[in-house]
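Have a look at the structure below before the remarks.
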């Protein structure tokens, strides 16, 4: 079994970048759409991207019951779930001081399977509504067969750490005297036009969830 | 020590989403700016976001020599480096068929430290130029002190697997008959206006690297 977990470990480098505010860390989880889940199988690390949901102090993950991730995790395994929002490029006058602006949250702990049907449906609602708020109520809910084919895991947000870097590069005083351009370049994600699939009748209006996303 | 690695393991689920083309997988590595590095420490998984570079069949990672990642990796440890580009939301008529459009690459292997000074400088050039092509030649190169404070790791691209999902949702025939909107919504990253830092003189033009990025 693994060693006890200490969140102090997570912040050994650049402690000034730690987000002290738990609410700010949770806001990052709520803004991002994909996490990277790390786990150990046969002594080897694996990192898999997936969607997730959050309700209060619980993070939900899901996947096909036969998939690599779920097959491994349903026994209650240690995971590290990391979410990163990339906010920009940081271009300094020295190669060394180049960096990125970002907000990143790391949740470490032991994920356990959600087996109760109602709890599982609630978790899936959280996951679908995380991708697009309000979407769950617009669509056909899972059949019992679909529910059986999906595993859901929950991870308590007990060990959560967050880091943020923002703003201009930090060059030394002597580097700042060089006649070199330095600064930062923001990056952001934009939402394109919804593309109805081939079976959507032309007169069907956009659902409220999509209208909300585009506002 | 860990078990031998089989990339077949990586594609057990949704094998139809595998990118057969190695060049396409490498194009994903080249397009993304941040990777998530997974490693095992004291039996526990950790996933940390970082920048990287690529040259041919080598991936380069770097970090402060005293940092968690590098302290762990310099002994030549198993890592899993995963890169994900999120391309859109996939909104189906059933909760179950909701998905994301994405391109993701997973590189598994043993990372080893680059110690030769010239090789290290080359790796750092790859990393800086990965963030912004041409930037290395515009800035002050690392001093020997800075070089000592940075560790560089290389990971061969021997075990690389990639997955892609694109296009419309895949609803069942009976679901497609429901009067529900379904489709996909593209997401993309856009580059904002460069913001010079406080020490840049107003008459200084944008460097070629930044002009290239904005084109």
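Values in this text are rule-based calculations from the coordinates and carry no lab data. Note that the coordinates shown come from a computational prediction; the quantities given were computed from them, not determined experimentally. Glycine also receives a Cβ, built like all others from the backbone with ideal geometry; neighbour counts cover every protein chain displayed.
Suppose you put the label 7 Å out from Cα in the Cβ direction; list, shortest first and in nm with one decimal, how far residue A:192 is from each other copy's label.
Spelled out, the distances from residue A:192's label point are 2.3 nm.
Going by how many other Cβ atoms sit within 10 Å of their own, how do A:126, A:80 line up, fewest first?
Values: A:126 21, A:80 29.
Neighbour counts put them in this order, fewest first: A:126, A:80.
Using the beta-carbon distance between residue A:27 and residue A:214 and R0 = 25 Å, what value does 1/(1 + (r/R0)^6) give for FRET efficiency, to the nearest 0.05?
Numbers: r = 21 Å, r/R0 = 0.85.
Calculated value: 0.70.
Any idea what the relative contact order of chain A is, in percent, if you count C-alpha pairs under 8 Å spaced at least 6 apart?
Numbers: 361 pairs, mean separation 56.0, N = 215.
26 percent.
In whole Å, largest first, what are the principal axis extents of the Cα atoms in the stretch A:10-170?
So the three principal-axis extents are 59, 40, 24 Å.
Report, in degrees rounded to the nearest 10, the 0 to 90 angle that the Cα long axis of helix A:22-31 makes with the longest principal axis of chain A.
Tilt of helix A:22-31: around 60 degrees.
Please give the FRET efficiency for residue A:113 paired with residue A:193, using the beta carbon to beta carbon distance and R0 = 60 Å, rounded to the nearest 0.05. List each step's numbers first, then the result.
Values: r = 39 Å, r/R0 = 0.64.
According to the calculation, E is roughly 0.95.
Going 7 Å from Cα along the Cα-Cβ axis for the label, what nanometre distances separate residue B:23 from the same residue across the other copies?
Here residue B:23 shows inter-copy label distances of 5.3 nm.
Obtain the radius of gyration and the Kirkwood radius of the stretch B:98-215 from its C-alpha atoms and give Rg over Rh.
Details: Rg = 22.2 Å, Rh = 19.3 Å.
Dividing the radius of gyration by the Kirkwood radius yields 1.15.
Sort A:78, A:184, A:55, A:21 so that the residue with the fewest other Cβ atoms within 10 Å of its own Cβ comes first and the one with the most comes last. The partial results should precede the final answer.
Working: A:78 21, A:184 24, A:55 15, A:21 11.
If I rank by nearby Cβ atoms, fewest first, I get A:21, A:55, A:78, A:184.
Across the Cα atoms of the stretch A:93-147, what radius of gyration and what greatest pairwise Cα-Cα distance (Dmax) are found, in Å?
19.0, 59
Please work out the FRET efficiency for the pair residue A:158 and residue B:166, using the Cβ-Cβ distance as r and a Förster radius of 30 Å; give the result to the nearest 0.05.
Plugging the Cβ-Cβ distance into 1/(1 + (r/R0)^6) gives 0.20.
Using a label point 7 Å beyond Cα on the Cα-Cβ vector, give me the inter-copy distances for residue B:42 in nanometres, one decimal, shortest first.
2.7
Can you give me the Kirkwood hydrodynamic radius for the protein assembly as shown, using every pair of distinct Cα atoms, in Å to one decimal? Provide the component values of the computation, followed by the final result.
Working: mean 1/r = 0.0441 Å⁻¹.
One decimal place: 22.7 Å for the Kirkwood radius.
Neighbouring Cβ atoms within 10 Å as the yardstick, rank A:51, B:82, A:179 fewest first. Spell out each step's value before the answer.
Details: A:51 22, B:82 25, A:179 9.
Placing the least packed residue first, the sequence is A:179, A:51, B:82.
Roughly what % of DSSP beta bridges within chain A run antiparallel, to the nearest 5? Kindly include the intermediate steps, with their values, before the conclusion.
Numbers: 49 of 49 bridges.
Antiparallel: roughly 100 percent of the beta bridges in chain A.
Starting from the Kirkwood Rh over alpha-carbon pairs, what translational D in µm² s⁻¹ does the stretch A:150-215 have by Stokes-Einstein at 4 °C and 1.567 mPa s?
Working: Rh = 18.6 Å.
Approximately 70 µm²/s, per Stokes-Einstein.
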